[in-house]
1. Suppose we filter Lys324, Lys358 for residues that are within 16 Å of Glu221 (Cα to Cα), surrounded by fewer than 19 Cβ atoms within 10 Å (Cβ to Cβ) and in contact (Cβ under 8 Å) with a residue 60 or more places away in the chain; which single one remains?
2. Would you point out the residue of segment 278-304, among those that are under 16 Å from Val319 (Cα atoms) and among the hydroxyl-bearing types (Ser, Thr, Tyr), that is farthest from the chain's Cα centre (by Cα)?
3. Please give the helices (runs of 4 or more DSSP H) falling wholly within segment 226-275 in which 2 or more residues are closer than 18 Å to Trp181 by Cα and aliphatic (A, V, I, L, M).
4. Here are Val275, Val312: which of them is surrounded by 15 or more Cβ atoms within 10 Å (Cβ to Cβ), among the β-branched types (Val, Ile, Thr), within 20 Å of the chain's Cα centre (by Cα) and at pLDDT 95 or above?
5. Here are Ser300, Ser334: which of them is among the polar types (S, T, N, Q), under 19 Å from Ile219 (Cβ atoms) and surrounded by fewer than 18 Cβ atoms within 10 Å (Cβ to Cβ)?
6. Residue by residue through segment 288-297, note down the ones that are more than 16 Å from Pro218 (Cβ to Cβ) and either surrounded by fewer than 19 Cβ atoms within 10 Å (Cβ to Cβ) or not small (Gly, Ala, Ser) (or both).
7. State the number of residues belonging to segment 235-270 that are closer than 26 Å to Leu344 by Cα and touching a Ser or Thr at 6+ places or on another chain (Cβ under 6 Å).
8. Just one of Val285, Val319 is at pLDDT 95 or above and surrounded by fewer than 21 Cβ atoms within 10 Å (Cβ to Cβ); which is it?
Amino acid sequence: MTDDPPISPEISATAPPEAEAAGSLAETPGEEYPSAQDVSARTGSGQIGSGQVEPGQIEPGQIEPGPTYDWPAPQEPLAQMQPLAPPPPPPLIPHMGNFGVFLVLLIVSLFVAVIGIVVVLHFALPHEAANKLIANLTQNILVAMSMQGVWYGCLWGLTALVLGLWWKTVAGVGFLQGIQWNAGVAKRRFFLLAGAGLATGLLVTLAGNFVPMPKAPPILEDLTKSPLGAWALMIFGVTLAPLTEELAFRGLLLPGLINVFRWLQRKGSIGEETVRTIGIPLSIVLTSLPFAFMHAQQVSFSWGPVLLIGCVSIILCIVRLRTKSLASSILVHSFYNLTLFTGLLIQTDGFRHLEKLKG
């Protein structure tokens, strides 16, 4: 092994300043490492690096600075900016004001129906006296059903027009959405709802044996006038009657009463528990009372059938609220009426022997 040749003085003299600085920092025996301030001072004075750094030059190892942006200042200090307020809750519809408008439209449509039928009878019976024409509205079952059909049709049309425009303006919803029509629910649960209507009719018929019932109520007198009138009354009872009664009581009155309690809840007067335990049950009762009294004249104001009709209304209210579908309660109501008429149909041999209803 040969000894390494000594380093030439010329080569040592040409060693870069960085090497000398590194040697002075790391190889000097017993010398401590300099502090960060010493290194910074030496670097700034040119002792470390390749001499004095000229303006605009970048020393090796440095990162070239990127472009700077002049961001616009906010309109106001962030500390003074207030959080956005939560959006207002949607309007409560239907409400009792909507039901009040419905009552006005009910009177208007009745007036239109009566005038229309009287005009038709006048042209059909030109030699009939005016008092006899008007008497036909109550004495002739076919004329009465025709007048009531026109009445209900006008009522539906006016209600859909007026409340539909009202709700579209204040809440952005249409008429069917406002009354929670939801026909899809009734379609999916058709057999269940139809069965509920049939079962309700059978239970009411059975319960009628345990409460006092009138012997000759006005509704049976209307049925016994003629087979054609009995068929007309049956068709009306399973179509237009439940359709319009449900619109009035379960489509507008029931949710309108419940929304009174919802409004009190929004005001902080009551809580959700009060709405569920008091508001909704009370609204069902207040809806069922006028529904039962509306049918009282048909059953000679006998408390037995009036009580049963009130119980039917409670069932219809529960169906309406549970399914959130007015079409569902209409379906149950229709099949309930169909069950009652089917019993009369069987009892009279297809309405051929209406005298059996008088016994």
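1. Of Lys324, Lys358, the one residue that is within 16 Å of Glu221 (Cα to Cα), surrounded by fewer than 19 Cβ atoms within 10 Å (Cβ to Cβ) and in contact (Cβ under 8 Å) with a residue 60 or more places away in the chain is Lys358.
2. Ser288
3. Qualifying helices (runs of 4 or more DSSP H): 240-246, 254-266.
4. Val275
5. Just one listed residue meets the conditions, Ser300.
6. Leu289, Pro290, Phe291
7. Qualifying residue count for the region: 3.
8. Of Val285, Val319, the one residue that is at pLDDT 95 or above and surrounded by fewer than 21 Cβ atoms within 10 Å (Cβ to Cβ) is Val285.
The values are calculated or read from the model by the stated rules, or taken from the named source; none is laboratory data. Please read all numbers here as calculations on a predicted model, not as lab measurements. As a convention, Cβ positions derive from the backbone with ideal geometry for all residues, glycine included, and neighbour counts pool all protein chains shown.
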